[in-house]
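The values are calculated or read from the model by the stated rules, or taken from the named source; none is laboratory data. Since this is a predicted model, take the numbers as computed values, not measurements. Glycine also receives a Cβ, built like all others from the backbone with ideal geometry; neighbour counts cover every protein chain displayed.
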Amino acid sequence: MIIDLRELQDGQNEYQWEETPEELHIEDADVPFEGPIRTHMTVFKMGEPLSASGESAFCLRTECVRCLKSFDLQLSVSYRFVFQKGRPASVRGDEDETLIWLDDRSEQLDLGTEVRDYIILEIPQSSLCSESCAGLCPLCGTNLNVDRCTCKLETTDPRWEALRALKNE
C-alpha cells in the first residue's frame, strides 16, 4: 500500500489495493483469512498537508462459539489519517493515532502498517453464526439449531435445596 508522494495531484486521489494477509504481515494462524483484503483509499492533497480516508473489507473463516459450526464472517473497517511533514521537537509521543508524522525527505507513503493495525483491531475474539444461535446441548452435544434433544436440564441449583426444604416446612 505504497503511494508515491511525487505523483499526488492536488485534490482527491483514489487508490485500490487487493493484498493477501501475508503481504500486510498478518500471519496469525488463529485467524484464517478467506481470500484477499480489499482496500479502497481516498487521499486528499491541498498543498503540503495530506489526509486519507479508506475502508478495508475482508472475510474470515471462523467457528461459532455456541454451536462450533464453521462459517465465513464478512468484516470491514473504516479509518481516517492525517499526514504532516516536519514533526516539531516539542511534540513527544503519539497522542493521536490518526496523525502520522512524515519525514521531510519522504517521497513515498506506506500505509500498510496503519491499515494492518485497524484490521487486527476489527477481528473479533469470538463469533456467532447468528444472534439466534441456540448452541449445543450441554449434556448430549446435539446442535440445537438442527435438532431437539430429550435431555432434561436441571434448572435448580442443588446448593439451594436446604433452603427450599425450610420454606416447605
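Remarks
- Residue check, Q84 closer than 22 Å to I2 by Cα, at pLDDT below 75 and touching a Pro at 6+ places or on another chain (Cβ under 7 Å): yes
- At least 3 residues being more than 22 Å from I123 (Cα to Cα) and free of Cβ contacts under 8 Å to residues at least 40 places away in the same chain is the threshold, and among the strands (runs of 3 or more DSSP E) wholly inside segment 10-69 those reaching it are 11-19, 37-45.
- Residue check, R66 surrounded by 15 or more Cβ atoms within 10 Å (Cβ to Cβ) and either at pLDDT below 90 or under 22 Å from E18 (Cβ atoms) (or both): no
- In segment 111-169, the qualifying residues are those that are part of a loop (DSSP other than H, G, I, E, B) and charged (D, E, K, R), and the one that is modelled with the lowest pLDDT is E154.
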